[in-house]
């Protein structure tokens with residue numbers, strides 16, 4: 001809904017206006033989606049306003065037109081169901097868990113222990129989650145943020161990373177085929193068998209990468225996807241006219257609105273107001289992720305104890321993480337007892353508002369930072385802001401001084417300029433300190449600001 005509405009708007013729109021499209025209870029979900037759209041480079045944000053990528057807008061409008069006008073035909077369908085085939089959901093889930101776990105392990109441990117011929121490692125590098133210089137592998141900022149993202153966001157970042165890896169080196173028709181493949185894959189049934197064109201090297205290419213990651217399962221991968229088309233050898237992969245693919249739970253996340261993790265039963269993190277983190281897990285993956293932003297003090301069987309310190313947080317920020325990434329990760333895996341308290345508090349709040357029945361919260365996933373003490377959330381934000389104390393503004397600016405003697409003019413102009421995003425900086429001074437009253441505005445809005453000042457001097461707004 002957000003993307004479709006933005007696609008009809010040709011100008012920048014404020015974050016608060018977008019949040020106004022939904023109820024207050026859904027704002028956290030909207031902000032999560034906006035963050036994902038930015039990371040997918042579909043949206044760009046500048047001065048707290050958003051603008052959808054013009055190329056994406058044009059492609060989306062064409063796609064909607066082709067469907068509504070009937071120009072989208074059966075020839076455009078990439079997946080054909082195999083008649084009378086028996087769904088094998090268990091095999092799809094098993095393949096998904098094994099391969100995706102391998103992807104996460106490679107990103108976390110920078111490919112440690114992987115062979116040079118590891119096809120999964122090749123896919124991870126191709127998607128930009130690890131960088132390779134000669135024989136040396138290193139983690140990228142996007143790879144670290146990938147680890148702290150929810151599962152649905154991870155799948156999207158992986159798929160879009162694969163498409164972006166081609167840059168401008170691939171024809172637009174090839175890129176569109178990859179995009180079409182991903183969007184047509186999303187609604188398919190888990191465990192059911194489908195056929196795709198095995199004579200198209202581009203289709204074989206994306207099947208090879210997604211199979212390695214566990215997004216799809218190719219039962220005959222050893223024969224039909226044995227050769228890696230990304231290395232220019234697609235003859236073996238094209239030996240058959242058709243390739244069989246089976247969607248896994250990861251592929252369905254491409255079309256889901258929220259992640260599938262259930263904090264009500266499977267969460268394991270408790271964060272205290274003294275910055276102490278308890279993680280009730282033995283999973284090496286989650287232990288490694290927590291080490292990215294916290295200092296571990298005790299590692300026991302089934303329990304990890306750590307502290308979020310200024311040093312550990314600043315190290316995380318230097319390596320590309322944000323406070324939102326850290327809070328969203330911890331909030332996504334909060335312990336069931338904390339989750340239940342959130343649900344009960346939300347129900348009490350809704351009752352006071354006069355809501356009942358289906359309007360009451362009944363186990364919905366919490367938003368970013370839910371269940372994390374306010375002191376921890378605020379301090380993480382402050383530590384992050386320390387890195388942005390000095391900001392270089394690459395645009396023309398105008399300094400305004402000599403405001404009215406009562407001080408109200410200065411205060412009102414500052415607030416008005418801030419609300420309209422004209423303000424770059426203002427002096428924090430006492431109401432009677434006339435000599436210190438200065439504001440810096442964007443020069444392109446000079447006439448609007450001067451006009452407002454003249455209206456104040458004339459005695460009205």
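The values are calculated or read from the model by the stated rules, or taken from the named source; none is laboratory data. Predicted model only: the values in this text are computed from it and were never measured. When we count neighbours, we look across all protein chains shown, and the Cβ atoms used for this are built from the backbone with ideal geometry, even at glycine.
What is the number of the single condition among (1) part of a loop (DSSP other than H, G, I, E, B); (2) modelled with pLDDT under 90; (3) within 21 Å of residue 218 (Cβ to Cβ) that residue 116 does not meet?
Status for residue 116: all satisfied but (3).
Examine the range 76-90 for a residue that is within 21 Å of residue 166 (Cβ to Cβ), surrounded by 14 or more Cβ atoms within 10 Å (Cβ to Cβ), in contact with a helix residue (DSSP H, G or I) (Cβ under 6 Å, 6 or more places away or on another chain) and at pLDDT 80 or above, and state whether such a residue exists.
yes
Which ranges mark the strands (runs of 3 or more DSSP E) fully within the range 247-365 that have 1 or more residues being at pLDDT 90 or above, crowded, with 20+ Cβ neighbours inside 10 Å and more than 22 Å from the chain's Cα centre (by Cα)?
In the range 247-365, the matching strands (runs of 3 or more DSSP E) lie at 269-271, 276-279, 303-307.
Among the candidates 26, 41, which residue alone is touching a helix residue (DSSP H, G or I) at 6+ places or on another chain (Cβ under 8 Å), surrounded by fewer than 17 Cβ atoms within 10 Å (Cβ to Cβ) and either modelled with pLDDT of 80 or more or not in a strand (DSSP E or B) (or both)?
Going through 26, 41 in turn, the sole match is 41.
For residue 170, state whether it is assigned to a helix (DSSP H, G or I), surrounded by 14 or more Cβ atoms within 10 Å (Cβ to Cβ) and over 22 Å from the mean Cα position of the chain (by Cα).
no
Please name all residue pairs, on different chains or six or more residues apart, with Cβ atoms under 8 Å, provided the first residue is in the range 336-348 and is in contact (Cβ under 8 Å) with a residue 40 or more places away in the chain and in the same structural domain as residue 271 (by TED's automatic domain parsing) and the second residue is surrounded by 18 or more Cβ atoms within 10 Å (Cβ to Cβ) and in a helix (DSSP H, G or I).
336/263; 339/263
Find the residue count for the range 127-141, including only residues that are touching a helix residue (DSSP H, G or I) at 6+ places or on another chain (Cβ under 8 Å) and either more than 25 Å from residue 219 (Cα to Cα) or surrounded by fewer than 19 Cβ atoms within 10 Å (Cβ to Cβ) (or both).
7
So which residues in the range 204-224 are at pLDDT below 85 and buried (at least 21 other Cβ atoms within 10 Å of the Cβ), if there are any at all?
Matches in the range 204-224: 224 only.
Can you tell me which residue in the range 173-202 is surrounded by the most Cβ atoms within 10 Å (Cβ to Cβ), limited to those that are under 24 Å from residue 84 (Cβ atoms) and touching a helix residue (DSSP H, G or I) at 6+ places or on another chain (Cβ under 7 Å)?
185
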